[in-house]
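Read the figures in this text as sums done on the coordinates, not as results from a lab. Values in this document were obtained by computation on a predicted structure and should not be read as measured data. Here the Cβ positions follow ideal geometry from the backbone for every residue, glycine too, while neighbour counts run over all protein chains shown.
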Amino acid sequence: MRYAMVIDTLKCVGCSDCVVACQTENDVPVGYCRDWITETVDGSYPNVVLELKSERCNHCENAPCVRCCPTGASHIIDGGIVLVTPNECIGCGACIESCPYDARYSHPEGGYVDKCTFCNHRLEKGQLPACVSVCPTNCMYFGDLDNPNSKVSRLLKNRKYKTLAPEAGTKPQVYYLI
Amino acid sequence: MQEEIFVSGRDIPNIDPSLEIWHWPIGLYLFLGGLAAGIILFASIVVILNKEDEYPTTVKYASIIPPIALVIGLIALIYDLKNPLYSWQLYTTIRIESPMSWGAWVLLIVTPLSFLWVFSYFSELFPTWDLKFEWLKKFEQFVKKNRKNMAYLLVPLSIILGVYTGILLSAFNARPLWNNAILGPLFLTSGLSTGAAAIILLAKTAQERHLFGKVDLALIIIELGLIIHMLMGMYAGSEVQLEAMRLLVGGEFTVLFFGFVVILGLIIPGILEALEIKGYKVPVAIPALLVLIGGLIFRFVMVEAGQITRYLY
Ligand code: SF4
Ligand code: SF4
């Protein structure tokens, strides 16, 4: 099992539904979010390309946040999901510094570090992550890359894609179709 | 061709501006750790070479600093933890890949040893105090006898501690300013230099002052070399590293870095110490204090500036 998320930047309209769905589903403290939208404008008029996409923790295969955690609070579970155990986390912030995507934040009340969980609690019930399930343009896909027939495997086989800051060596598991 | 790139939309007031999760206590902690490492290393070497009588300040009086510095440093570190009640979790596991983890373990060994070291000089430091209990007196004799063994242990440990203060930062590939291999040796050198400066400040004899004046001068020259090396490495690096370098060279940390760290904290005290060694009358407290303040500001600058730097994607 190797979970991955595939996001089609050509379909994303930047509506932020995924952001709100995540905040609601995961009770994210006000003013924080586990996923967010970026808008990139490339080139100069008249040849401009606009790219919208939803970003979150990339659940890196080679996760620096897990390696640098002194207590083991940050860990990888089956399926490759990177999680934080709140009552093992001392809030040292090493993982926040180590993440090239700035995907982590310190929970304002709990003091532990928090971030996207790929909605592990929903996956256990056989549901999709909240963000994926609400996307009105259906631009997000979630599935198992070890299964060659899953939608995500087929998309990555047939479409051009990229990952974010691959030069950081983190092997992200969130893929962007371009 | 990409002529213009701008990224917007990531407007998360509580994450982006407060990405700086590490604040001044971390800089203070790194400074105190380096200072303690420096003094401990010098004291251990003096003991190993049987020169205790010639350099009493180093082994006795200056050695009171490391335990105090380490305790204040640890308090500062815990103060900056967001979940300090769980800090005992650090000692439930050893994680080789995490500098934070082995730093915590090294501190757990070095801090008590630094207390024992001072204790081994107890009756010399406080001749009027009486160790009330017989077993305490016996214990003092025991540590006194084992002082040299402690010194052998503390030489590698203090070097690890000094290097660790730099590696803690340089291990973060996500922060281009920190992510260079020179930071470990650089922080070690700076820590040793502040340690020597503290000894100069306390030294009572010209012999001890001059020896550590020379040591400090050598360390200052090495440190300047390493700083040039670090900047050259970044200058030859990728765009993210260039961007990191610009913070120190021409960017918002230029005055602090070149003014207070390089010029006031290294070059001027270096010149003053050279003059003092040559026999000119220089109040040694001035270069020593400049080195100490420069070392502290250096840690603040590196911790603050490093957190701003990031990957561009
Ligand atoms: S995106 Fe950041 S938080 Fe998520 S696994 Fe990668 S390094 Fe860790
Ligand atoms: S803040 Fe928590 S999860 Fe992050 S490295 Fe420290 S202990 Fe681990």
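Where a ≥ b ≥ c are the square roots of the eigenvalues of the C-alpha gyration tensor, would you call region A:67-178 rounded, which needs a/c under 1.5, or, failing that, prolate if a/b is larger than b/c, or oblate?
The shape class here is prolate.
Within chain A, what percent of beta bridges assigned by DSSP are antiparallel, to the nearest 5?
80
Return the long-range amide H neighbours of A:Arg2 (sequence gap of 5 or more, or a different chain), with a cut-off of under 5 Å between placed amide H atoms.
A:Leu145, A:Asp146, A:Asn147
Taking 0.36 nm per intervening residue step and subtracting the Cα-Cα distance, what contour gain separates A:Asn138 from A:Ile76 on full extension?
Here the segment from A:Asn138 to A:Ile76 would lengthen by 19.6 nm.
For B:Val249 paired with B:Glu54, estimate the spin-label separation in nm (one decimal), with each label point 7 Å from Cα along the Cα-to-Cβ line.
It is 4.2 nm.
Give the distance, in whole Å, between the Cα centre of region A:16-85 and the Cα centre of region B:43-93.
39
Can you compute the charge dipole magnitude of the protein assembly as shown about its Cα centre, using +1 on each Lys and Arg Cβ and -1 on each Asp and Glu Cβ, nothing else charged? Give it in debye, rounded to the nearest 20.
1120
At a 10 angstrom cut-off on C-beta neighbours, averaged per residue, how do the peptides B:84-96, A:36-48, B:286-298 rank from highest to lowest?
B:286-298, B:84-96, A:36-48
For the protein assembly as shown, what is the percent of antiparallel DSSP beta bridges, rounded to the nearest 5?
Roughly 85 percent of the DSSP beta bridges within the protein assembly as shown come out antiparallel.
Under 8 Å for C-alpha pairs, at least 6 residues apart: give me the relative contact order for region A:1-103, rounded to a whole percent.
24
Are there any chymotrypsin sites (Phe, Trp or Tyr not before Pro) in region B:115-147 that are in a DSSP loop and have at most 10 other Cβ atoms within 10 Å? List them by number.
Hits after loop and neighbour filter: B:Trp129, B:Phe133.
Using a cut-off of 17 Å between alpha-carbon atoms, which aspartates and glutamates can reach B:Lys137, once sequence neighbours fewer than 8 places away in the same chain are excluded?
B:Glu124
Name the shape class, rounded, prolate or oblate, that the alpha-carbon gyration tensor gives for the protein assembly as shown, where a ≥ b ≥ c are the square roots of its eigenvalues, rounded holds for a/c under 1.5, and otherwise prolate holds if a/b is larger than b/c and oblate otherwise.
Verdict is prolate for the protein assembly as shown.
Taking a ≥ b ≥ c as the square roots of the Cα gyration tensor eigenvalues, with a/c under 1.5 meaning rounded and otherwise prolate when a/b beats b/c, else oblate, which class fits region B:24-308?
Oblate is the answer for region B:24-308, as a/c is 1.5 or above yet b/c matches or exceeds a/b.
With an 8 Å cut-off on Cα pairs and a minimum separation of 6 or more residues, tell me the relative contact order of region B:16-113 in percent.
Result for region B:16-113 is 30 percent.
What distance in nm separates the two pseudo spin-label positions at B:Ile228 and B:Ile286, each 7 Å out from Cα along the beta-carbon direction?
2.6
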